[in-house]
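Each remark here refers to the structure printed beneath this line.
The values are calculated or read from the model by the stated rules, or taken from the named source; none is laboratory data. What you see is a predicted model, and the numbers here were worked out from it, not measured in a lab. Reconstructed Cβ throughout: ideal geometry from the backbone, glycine too, with neighbour counts over all protein chains shown.
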Amino acid sequence: MKALLLENIHPAAVETLEARGYEVELRSGSLSEDELIEALPGVHLLGVRSNTNVTAKVLDAASDLVAVGCFCIGTNQVDLKTAAAKGVAVFNAPYSNTRSVVELVIAEIIALARRLPEKTQRMHEGVWDKSAKGSHEVRGRTLGIVGYGNIGTQLSTVAEALGFNVVFYDTADRPAHGTARRLRTLRELLEVSDVVSLHVDGRPGNAGFFGAAEFAQMKRRALFINASRGMVVDYEALRDHLVSGHIAGAAVDVFPAEPKAQGDPFDSVLRGLDNVILTPHIGGSTQEAQEEIGWFVAEKLARFALEGSTALSVNLPVVQPPELPAGHRLGLLHHNVPGVLADLNATFAEAGDNVVLQLLSTKDGLGYVVIDAAEPLSTAALDRLRAAEYAVWARTW
Ligand SMILES: NC(=O)c1ccc[n+]([C@@H]2O[C@H](COP(=O)([O-])OP(=O)(O)OC[C@H]3O[C@@H](n4cnc5c(N)ncnc54)[C@H](O)[C@@H]3O)[C@@H](O)[C@H]2O)c1
């Protein structure tokens, strides 16, 4: 069993896979389409970050490939549809950098409340500007969190511990954490918050979600943070409100168009304002998050390959069976057509085999069923299942 990990994936991934019996090959860079096609024969698990494109052509040529791990948050570098059609599971790490984003946001709020960007700038210019004017503690201030998902809820807990009053607005039903208060409209949140922090997701409907009207509704001299997605905010409108003094300061980590490579030039209408912290999409970029991503994704790959679990797969139906039982496990990925379960159950009944667990899930035209049984199916029965028109693959553990 072989795993190929590209793009400097954290050693935690290597340790996790080696402990599960994999031979791991590590490469520091990404590979082109042709290089990948050449490298993949004999590889069962492939690990990539955001710079390796796993295209349909690559997937067509990779006959030994069982799963792809994206050791990052995004998965658009992989042709997910083709991977699903071939039964190749794709995994990522959607929550591993939550804490890192929260810590950056907290740091930025305090830095802006104490006017650190301007103060440090003056010091570097050789000017001693000792004054308390415009500097505030955050204790007792109201933090408005827009988007109360993984990051928003964790920010809520940490901010409350610092003495913030937390209010939040979310379009979905989200229970309040700690003493946070849910507000029914965005407008209510904007009117009461001393700091507004955006943590909405990147669904298409959120493009341009926060613009001139929303900035105008914010409290005078409030602070604004965006570490969610660049396209959700109209930064021209933010600039206008910063220049007019209505917004006291802002921290922005994400931009509508971000440079691709390290060292590429960057431009934004927010450049040059000394009450704005600009960071190059580093909210989730910490050593701790990389380590967490390393073992999290490696564990998902191993549990899929060795136990049949598709837990948190982004492209296959999700079935999360318990750890391997003393008995025998069959996994069948199939086209979601009528009669598959009946056929499968008949196969076990004819063999006189007792089914102790059966889990099924379907998604986008595919079905995945996991069966734990008292006895293994015979080779002939397995061959018949594998040859069935509905089968994508059948595996046993
Ligand atoms: N800066 C970084 O490095 C970094 C790192 C990780 C995640 N992110 C981004 O942070 C954002 C939040 O991530 P998450 O894991 O918490 O996502 P999540 O999906 O767990 O939470 C998003 C929440 O926003 C809510 N929401 C969506 N649209 C809304 C709207 N218009 N108004 C109010 N609520 C709305 C959803 O109902 C959900 O509760 C995402 O956009 C993600 O891409 C950035």
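Exactly one condition in (1) free of Cβ contacts under 8 Å to residues at least 60 places away in the same chain; (2) within 15 Å of the ligand (Cβ to nearest atom); (3) in contact with a Leu (Cβ under 8 Å, 6 or more places away or on another chain) is not met by PRO94; state its number.
Going through the list (1) free of Cβ contacts under 8 Å to residues at least 60 places away in the same chain; (2) within 15 Å of the ligand (Cβ to nearest atom); (3) in contact with a Leu (Cβ under 8 Å, 6 or more places away or on another chain), PRO94 breaks only (1).
Please determine, by comparing only the residues of segment 219-228 that are within 30 Å of GLY74 (Cβ to Cβ) and away from the ligand (no atom under 11 Å from the Cβ), which one is nearest to the chain's Cα centre (by Cα). Give the derivation first.
The initial filter retains those residues of segment 219-228 that are within 30 Å of GLY74 (Cβ to Cβ), namely 223-228.
Now drop any that are not away from the ligand (no atom under 11 Å from the Cβ), which leaves 223-224.
Values: LEU223: 26, PHE224: 23 Å.
The residue in question is PHE224.
When segment 114-134 is examined, which residues are found to be surrounded by 13 or more Cβ atoms within 10 Å (Cβ to Cβ) and without any contact (Cβ under 8 Å) to a residue 40 or more places away in the chain?
Result: ARG114, LEU116, LYS119, ARG122.
So ALA216 fits all but one of (1) in contact with an Asp or Glu (Cβ under 9 Å, 6 or more places away or on another chain); (2) within 23 Å of VAL167 (Cα to Cα); (3) small (Gly, Ala, Ser); (4) away from the ligand (no atom under 11 Å from the Cβ); what number is the exception?
(1)
Tell me, yes or no, whether segment 379-387 has at least one residue that is of a type in the set (D, E, K, R), in contact (Cβ under 8 Å) with a residue 24 or more places away in the chain and outside any helix (DSSP H, G or I).
Within segment 379-387 (the criterion being of a type in the set (D, E, K, R), in contact (Cβ under 8 Å) with a residue 24 or more places away in the chain and outside any helix (DSSP H, G or I)), the answer is no, since none of the residues qualifies.
Can you tell me which residue in segment 204-213 is surrounded by the fewest Cβ atoms within 10 Å (Cβ to Cβ), limited to those that are within 20 Å of LEU143 (Cα to Cα) and within 11 Å of the ligand (Cβ to nearest atom)?
PHE209
Out of everything in segment 175-203 that is small (Gly, Ala, Ser) and within 12 Å of the ligand (Cβ to nearest atom), what residue ends up being nearest to VAL101 (Cα to Cα)? Before you say what the answer is, go through the steps one by one.
Just the residues of segment 175-203 that are small (Gly, Ala, Ser), to begin with: 176, 178, 180, 193, 197, 202.
Those still in the list that are within 12 Å of the ligand (Cβ to nearest atom) too: 197, 202.
Details: SER197: 12, GLY202: 16 Å.
Result: SER197.
Identify all residues within segment 38-52 that are at pLDDT 95 or above and either crowded, with 17+ Cβ neighbours inside 10 Å or in a loop (DSSP other than H, G, I, E, B) (or both); write none if there are none.
The answer is ALA39, LEU40, PRO41, GLY42, VAL43, HIS44, LEU45, LEU46, GLY47, VAL48.
Table: residues versus (1) in contact (Cβ under 8 Å) with a residue 24 or more places away in the chain; (2) aliphatic (A, V, I, L, M); (3) surrounded by fewer than 18 Cβ atoms within 10 Å (Cβ to Cβ).
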| residue | (1), (2), (3) |
| --- | --- |
| GLU160 | no, no, yes |
| PHE168 | yes, no, no |
| ARG187 | yes, no, yes |
| GLY202 | yes, no, yes |
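Among helices (runs of 4 or more DSSP H) lying entirely in segment 79-147, which contain 1 or more residues that are more than 16 Å from ASP274 (Cα to Cα) and not aromatic (Phe, Trp, Tyr)?
Details: elements: 80-85, 98-113, 116-124.
In segment 79-147, 80-85, 98-113 are the helices (runs of 4 or more DSSP H) which contain 1 or more residues that are more than 16 Å from ASP274 (Cα to Cα) and not aromatic (Phe, Trp, Tyr).
To keep it simple, each residue is scored yes or no on (1) of a type outside the set (Val, Ile, Thr); (2) over 30 Å from CYS72 (Cβ atoms); (3) within 28 Å of the chain's Cα centre (by Cα); (4) surrounded by fewer than 16 Cβ atoms within 10 Å (Cβ to Cβ).
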{"position": "SER309", "(1), (2), (3), (4)": "yes, no, yes, no"}
{"position": "LEU312", "(1), (2), (3), (4)": "yes, no, yes, no"}
{"position": "VAL319", "(1), (2), (3), (4)": "no, no, yes, no"}
{"position": "LEU344", "(1), (2), (3), (4)": "yes, yes, no, no"}
{"position": "GLN358", "(1), (2), (3), (4)": "yes, yes, no, no"}
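GLY352 is checked against (1) modelled with pLDDT of 95 or more; (2) over 34 Å from the mean Cα position of the chain (by Cα) and fails just one. What number does that condition carry?
Just one mismatch for GLY352, condition (1).
Would you mention how many residues in segment 250-305 are under 17 Å from LEU112 (Cα atoms), within 12 Å of the ligand (Cβ to nearest atom), assigned to a loop (DSSP other than H, G, I, E, B) and of a type outside the set (Asp, Glu)?
First, the residues of segment 250-305 that are under 17 Å from LEU112 (Cα atoms): 250-253, 270-279, 283.
Right, trim to within 12 Å of the ligand (Cβ to nearest atom) and you get 251-253, 279, 283.
Checking which are assigned to a loop (DSSP other than H, G, I, E, B) leaves us with 253, 279, 283.
With the extra rule that they be of a type outside the set (Asp, Glu), the set shrinks to 279, 283.
Selection size over segment 250-305: 2.
What number of residues within segment 148-162 satisfy the criterion of being away from the ligand (no atom under 15 Å from the Cβ) and assigned to a loop (DSSP other than H, G, I, E, B)?
Residues that pass the stated criteria total 1.
Being without any contact (Cβ under 8 Å) to a residue 60 or more places away in the chain, surrounded by fewer than 22 Cβ atoms within 10 Å (Cβ to Cβ), of a type in the set (Val, Ile, Thr) and closer than 30 Å to PRO259 by Cβ narrows it down to one of VAL196, VAL232, VAL243, so name that one. Step through it out loud before you land on a result.
On the way: VAL196 fails: surrounded by fewer than 22 Cβ atoms within 10 Å (Cβ to Cβ); VAL232 fails: surrounded by fewer than 22 Cβ atoms within 10 Å (Cβ to Cβ).
The unique qualifying residue is VAL243.
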